[in-house]
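Worksheet: one structure, shown below.
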Number of protein chains: 2
Amino acid sequence: MAPSAPDILLAAVRVVCCQIAPRVGELAYNRRLCAQAIRNAAQDGAQLVVLPELAQSGYVFANKAEALSLAEALDGTTLREWQELAHELNLVLVAGFCELLDGNELSNSAVLIDPTGVRSVYRKAHLWDQEKRFFTPGHASPPVIQTHLGRIGMVICYDLEFPEWVRLVALQGAQLLCVPTNWPDGGHPTGERPSEVVRVQANAAFNRLFIAASGRCGTERDVPWIGGSVIVDCDGYPVAGPLGPDAPGAVWVSLPLNDADNKWVNANNHVLNDRRTDLYPASDTAFPRRSP
Amino acid sequence: MAPSAPDILLAAVRVVCCQIAPRVGELAYNRRLCAQAIRNAAQDGAQLVVLPELAQSGYVFANKAEALSLAEALDGTTLREWQELAHELNLVLVAGFCELLDGNELSNSAVLIDPTGVRSVYRKAHLWDQEKRFFTPGHASPPVIQTHLGRIGMVICYDLEFPEWVRLVALQGAQLLCVPTNWPDGGHPTGERPSEVVRVQANAAFNRLFIAASGRCGTERDVPWIGGSVIVDCDGYPVAGPLGPDAPGAVWVSLPLNDADNKWVNANNHVLNDRRTDLYPASDTAFPRRSP
C-alpha cells in the first residue's frame, strides 16, 4: 500500500548542524558567519539548521558588563536577520544567543525560528562553570515545538548531562532534539570519543529520539573547543559526525523523524512505558508551567 | 603528608569482571564454570569479582517450568558454594542467579556476597522481553552495600537503560556499580561500540561513579550475545574492555573507589547538586522501602 501524502512529506527531513567559530564580542562578524553557514546549508538542501550555543555573541565573556553589551532581545539585529533568513530560505533554524531579559538579566538561550518567525525561546536551565556569573538560569521546562517538519525539542550543552531533562523532552513527544552547544576541551583518552558525544548517544538511545548537536570549533580567549557536531539516530549511533575540534564545517543527513514515534525495541519493551514510575517519580510529575 | 592507613587500604580495589558462557539448564556445569572463573580472578589478585546475569542457570528458558526447575533460594547449592568461595578467597562477589521466591514465583536476581556471607539480594526491576513470562519484577530500590572495599551498588542489564534507576544508586552514595548482564546481540554499525556499552559509559559520567559490567559470550539456544564486559571510570571512559562477543575471558583493573566521592567537575559544577529538582522531581523523592 502506498504511503499517504503526509507520510511522504515527513518521510525524511534534511538536518544540518553547522560547526562554526564565533568570536566573542564581534557581533557583526558573527552575524555574517551565521548567515553564511545558514545559506550554505540551504544550498545543500537543509530543511532544519542547528547553530552552536551563543553563536550570536561568542562564549568566553570577560565579565558581566561585556556580556550585557553583547546581549540581544528577540527584536535585536541578529534575531531579526535569522528570521529573515528562515523566511527567505523556508527552513527551521535552532541557534544559541545571549538574551537580554528585563532588569539587565541575561539568559543563555536558544531560539527556534520557522518561516513564520520565532516559535519558541528556551533558556538554559543547567549553567556551566563561569556561566553562573553571567546568566540567570531558566525556570521553564524544555519546549517541544510542532513545526511543519515535525516535533522539535531544544536544550543547550550542559543540560544534556541531566538525563531527567532529556526525558522531559521525550515525554512531550519530541522526534528530534536540537542542541546548540559549546563543549570546552577537557581532554579525553586517545582513541575515545569525547564523553560529551557519548552522552548525546546514550540520551538518544534511552528515549529513542534523534539528536542533532551543533558545537563550535576554534580557540576563544585560550579556551579550546572539541567541536563534536554530531547527528545521532534513535538507536544511539552517529549517522553524521562527530566532527573534530580543528575546523569549521557541517554534518548533514536526512532523518525519518517519524521513526522516533516508535518507542518499542521489541514486542515486549517500550522505553518510556517500561519506566518503573512506581519506584521513582516520572520526570514530568511536577511539570513546571512554561513562562509566558 | 603521608596518607593515613585507611586511605592506603582504600586507595585501589582490584575489580575483575568474568565473561563466561553458562549453559541453560546445566547447573553443575555452570557451578564449575563460575567457581573456576572466581578462582582464576582471585589468583590475579581480585578483591571484587563480577559474574554475568543468571550465571547460575543460563538465560534462554524454554518456559516457566524449566525456569522453576533451575531456580535456587539463598540456601541453594550454587549460592552456598559462592559463599564458601568468597570466604575462602577473601573477596566480594556480585553475580546473577535465578531466584526462587515464595509461591513458585521467580526473580532475575543478583547477590552480593562478602567473606561474611550474603550481604544483599537485588531483584531486577526492569524486565527484558521474554523475562516478563518468567520473572516477577523487583519492587525495591537498587541496594548500595557498605563493604570492606567500599560502597557497592547493583543493578542488572536492562535496568541500565533507565538513568533514573542509576541515579538512585548514585544518590545512595555508591562508589562502584556492579552490573551482571546478558546483552543479546541486536546488531550495531561497523566500527561502533554496542550502544549497551555506550549507555554504561554515559551512566558513569552522569553520576561520576565507576561501573563494572560483566556480560556473557557464546550463543545459547540461537541467541547470540555481545559479551561487552567492561569497567568504566567516573569520566565515562573504559579502563578495561569492552570484550567482544567471541570468547570467554576477563577484564580487570585497580580502581581508586574514593574518586567517586568527588562529584565536582570544576569549581562550580557538581553533577548531583546541579540537578534542577525545582523543575523535575529527584529520583529519590518517592524513595521506596526495601522489601524485608
Boolean, A:Ala282 is surrounded by 15 or more Cβ atoms within 10 Å (Cβ to Cβ), in contact (Cβ under 8 Å) with a residue 24 or more places away in the chain, assigned to a loop (DSSP other than H, G, I, E, B) and within 13 Å of chain B (Cβ to nearest Cβ): yes
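In this structure, is A:Thr116 surrounded by fewer than 20 Cβ atoms within 10 Å (Cβ to Cβ), without any contact (Cβ under 8 Å) to a residue 40 or more places away in the chain and within 14 Å of another protein chain (Cβ to nearest Cβ)?
So A:Thr116 fails the test.
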Set A:Arg193, A:Arg208: member being crowded, with 17+ Cβ neighbours inside 10 Å, within 14 Å of another protein chain (Cβ to nearest Cβ) and on the phi > 0 side of the Ramachandran plot: A:Arg208
Tally, over the stretch B:221-232, of residues that are part of a strand (DSSP E or B), away from chain A (no Cβ under 14 Å) and crowded, with 19+ Cβ neighbours inside 10 Å: 1
Single residue of the stretch A:233-270 satisfying the filter (crowded, with 22+ Cβ neighbours inside 10 Å and in contact with a Phe, Trp or Tyr (Cβ under 7 Å, 6 or more places away or on another chain)) that is farthest from the other protein chains (Cβ to nearest Cβ): A:Leu257
Number of positions in the stretch A:161-174 that are within 13 Å of the chain's Cα centre (by Cα) and more than 14 Å from chain B (Cβ to nearest Cβ): 1
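Read the figures in this text as sums done on the coordinates, not as results from a lab. Just so it is clear, the structure is predicted and the values come from calculations on it, not from any experiment. Please note: Cβ atoms are built from the backbone with ideal geometry, for glycine as well, and neighbour counts cover all protein chains shown.
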